[in-house]
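Chemist: One structure, pasted below without further comment.
The values are calculated or read from the model by the stated rules, or taken from the named source; none is laboratory data. None of the values given here were measured: they were computed from a predicted structure. Here the Cβ positions follow ideal geometry from the backbone for every residue, glycine too, while neighbour counts run over all protein chains shown. The protein model used for the area step is the full one, side chains on, heavy atoms only, and it has no ligands, DNA or RNA in it. Shrake-Rupley method; radii C 1.70, N 1.55, O 1.52, S 1.80 Å.
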Amino acid sequence: MSVYTPVSPEELEAWLARYVVGSPIEFSAIAAGIENTNYFVTTEKGRFVLTLYERLPAGELPFYLNLMAHLARAGVECPAPVPDRTGALFSVLNGKPAGLVTRLDGYPIETPDVAHCAAVGAALARLHIASATYRARLGNRRGPSWWRQAARAVRPFLDTDQNALLAAELKFQTGFGKGRMPRGAIHGDLFCDNVLFVGNSVSGIIDFGFAATDFLAYDLAITVNDWCIANEGASRGALVPGLVDALAGAYHVMRPLNDDERSEWPALLRAAALRFWLSRLYDLHLPRPGELVHAHDPEHFERILRARVAEPARLRDPLHAAPRIPANP
């Protein structure tokens, strides 16, 4: 659990006075998250999530919050930012930009099956389709320039083989971001813990702190690398074909992948693995001070990257692989 900026009940009540949500009834830190400080807040008028943005500059917050508002209006299953009495979607709390969003029902799925993967693929496609009419643009702050910066910072902590893998992959990914694949607003972190389910239906896509303007298929690759892998035994980190077929197939039914996206698929999977290996290495070896901090194990994504390098994955014809998944109501 990560709480970088503690908030007392008295501080919360004073800050909430700017909203038309009533007085707080319950207030607790959320046992997840690496980038920001999050709290569950229940008031007299509803259930919300309070986020204090620890790294995002205030100038970038309108991109994230307006994107969430745009998606929610379009029917995408994501929290809606709550405006305060002045119409603002964020303000300062204990020295950090902070905002309130609606809290959605549902729970994350720790071990997804075919039905879960298909539902997530369809939900991601709906998000990308809705984002096509979102006009704001923001470069990916965890893109290639950050990869190189983070690599320089973590190299002293790596052994010879790890440094060789990192150098080789950075060289392989030279030119990433200059392709002609479709771009738009992406989630950028659609892991299992950022999707809520009620039954087999997606009820919420949460944590937009890594949203950016980037390749849509890269967002799909990030998602596949978390949802569609073996997590036990000697094949840990390897893709599970049936899960990939379900997720990518359901996505393709709603937003067909073009030839460029399909041909770049192996490189996109590797780029997604590299990005999260580096971020986990950075958080482990160069952590920020926090009251309660949880860093994920970087070995997980090192294993995934090595697996993608060893066995480049090609997409099967998604139209043949896709199950029939109805859109969420």
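Chemist: So for region 1-92, averaging the separation of alpha carbon pairs under 8 Å that are six or more residues apart and normalising by length, what relative contact order in percent results?
Modeler: 22 percent
Chemist: Here is a follow-up. Tell me, what is the 1.4 Å probe accessible area of Ile109, in Å² to the nearest 10?
Modeler: Its heavy atoms expose roughly 40 Å² to the probe.
Chemist: To continue, here is another question. Suppose accessible area is computed on protein heavy atoms with a 1.4 Å probe; arrange Lys171, Lys45 from highest to lowest. Write out the running numbers ahead of the final one.
Modeler: Numbers: Lys171 160, Lys45 135 Å².
Of Lys171, Lys45, the descending order of accessible area is Lys171, Lys45.
Chemist: Which residues does the label zone of Ser263 cover in region 162-185, counting backbone N under 13 Å from a point 7 Å along Cα→Cβ?
Modeler: Of the residues in region 162-185, 179-181 have backbone N under 13 Å from the label point off Ser263.
Chemist: Using only C-alpha positions, report the orientation-averaged shadow area of the convex hull of region 144-302, nm², one decimal.
Modeler: 10.9 nm²
Chemist: Something else about it: Evaluate 2.2 N^0.38 Å with N set to the residue count of region 1-51, then give the Cα radius of gyration divided by it.
Modeler: Details: Rg = 10.8 Å, N = 51, 2.2 N^0.38 = 9.8 Å.
Computed over Cα atoms of region 1-51, the ratio equals 1.10.
Chemist: Angle check, please: helix 299-310 long axis (alpha carbons) against the longest principal axis of the chain (alpha carbons), in degrees 0 to 90, nearest 10.
Modeler: Roughly 30 degrees, rounded to the nearest 10.
Chemist: Residue separation times 0.36 nm, minus the C-alpha to C-alpha distance between Ala31 and Val198: what's the value?
Modeler: Working: separation 167, 0.36 × 167 = 60.12 nm, distance 1.99 nm.
Full extension from Ala31 to Val198 adds 58.1 nm.
Chemist: How large is the direction-averaged shadow of the alpha-carbon convex hull of region 209-320, in nm²?
Modeler: Mean shadow area of the hull around the Cα atoms is 8.2 nm².
Chemist: Note the full-extension length gain between Ala310 and Ala80 as 0.36 nm times their separation in residues minus their Cα-Cα distance, in nm to one decimal.
Modeler: Roughly 78.6 nm would be gained on extension.
Chemist: What shape does region 107-153 take by its C-alpha gyration tensor, where a ≥ b ≥ c are the square roots of the eigenvalues and a/c under 1.5 counts as rounded, a/b above b/c as prolate, and the rest as oblate?
Modeler: oblate
Chemist: Also, I was wondering about something else. Between Asn163 and Ala58, with labels modelled 7 Å along Cα→Cβ, what's the label distance in nm to one decimal, could you check?
Modeler: 4.3 nm
Chemist: So if a site counts as exposed when it's one of the GluC sites (Glu not before Pro), its DSSP state isn't H, G, I, E or B, and it has at most 13 other Cβ atoms within 10 Å, what's the longest stretch of the chain without one?
Modeler: Counting at most 13 other Cβ atoms within 10 Å as exposed, the longest clean stretch of the chain is 111-231.
Chemist: What angle, in degrees between 0 and 90 and rounded to the nearest 10, separates the Cα long axis of helix 114-131 from the longest principal axis of the Cα atoms of the chain?
Modeler: 70 degrees
Chemist: Please work out the FRET efficiency for the pair Asp317 and Arg236, using the Cβ-Cβ distance as r and a Förster radius of 30 Å; give the result to the nearest 0.05. Could the numbers behind the result be given before it?
Modeler: On the way: r = 27 Å, r/R0 = 0.91.
Between Asp317 and Arg236 the formula returns 0.65.
Chemist: Any idea what Rg and Dmax come out to for region 50-94 if you just take the C-alpha atoms, in Å?
Modeler: Spelled out, the Cα radius of gyration and Dmax of region 50-94 are 11.0, 33 Å.
Chemist: How would you order 91-102, 144-155, 197-208 from highest to lowest mean count of nearby Cβ atoms within 10 Å?
Modeler: Per-residue Cβ counts within 10 Å, averaged per peptide and sorted highest first, yield 197-208, 91-102, 144-155.
Chemist: Leaving out ligands and nucleic acids, note down the accessible area per residue over the chain with a 1.4 angstrom probe, in whole Å². Please report the intermediate quantities before stating the final value.
Modeler: Details: 14600 Å² over 329 residues.
Result: 44 Å² of accessible area for each residue.
Chemist: Something else now. Between 0 and 90 degrees, rounded to the nearest ten: what's the tilt of helix 144-154 against the longest Cα principal axis of the chain?
Modeler: Approximately 90 degrees, to the nearest ten.
Chemist: How large is Rg/Rh for region 1-93, to two decimals, with Cα atoms and a Kirkwood Rh?
Modeler: Reported Rg/Rh (Cα atoms, Kirkwood Rh): 0.94.
Chemist: Between Leu286 and Phe40, what length comes free when the chain is fully extended (0.36 nm per residue of separation minus the Cα-Cα distance, one decimal in nm)?
Modeler: 85.8 nm
Chemist: If you don't mind, there's one more thing I want to ask. Do the sum for the chain: with -39,500 (n - 2.57) for every DSSP H run of n ≥ 4, divided by all residues, what is the mean residue ellipticity at 222 nm, to the nearest 500 deg cm²/dmol?
Modeler: Values: 11 runs with 131 residues, N = 329.
So the calculated ellipticity at 222 nm is -12500 deg cm²/dmol.
Chemist: Over all distinct Cα pairs, what is the inverse of the mean 1/r for the chain, reported as the Kirkwood hydrodynamic radius in Å?
Modeler: The Cα-based Kirkwood calculation yields 20.5 Å.
Chemist: Ok, one more. At a 1.4 Å probe radius, carbon and sulfur cover how many percent of the accessible area of the chain?
Modeler: Percent of accessible area from carbon and sulfur atoms in the chain: 54.
Chemist: Which value, in Å² rounded to 10, gives the accessible area of Thr174 with a 1.4 Å probe and all protein chains present?
Modeler: Per-residue accessible area (Thr174): approximately 110 Å².
Chemist: If you find the alpha carbon centre of region 24-57 and of region 78-114, how far apart are they in angstrom?
Modeler: 7 Å
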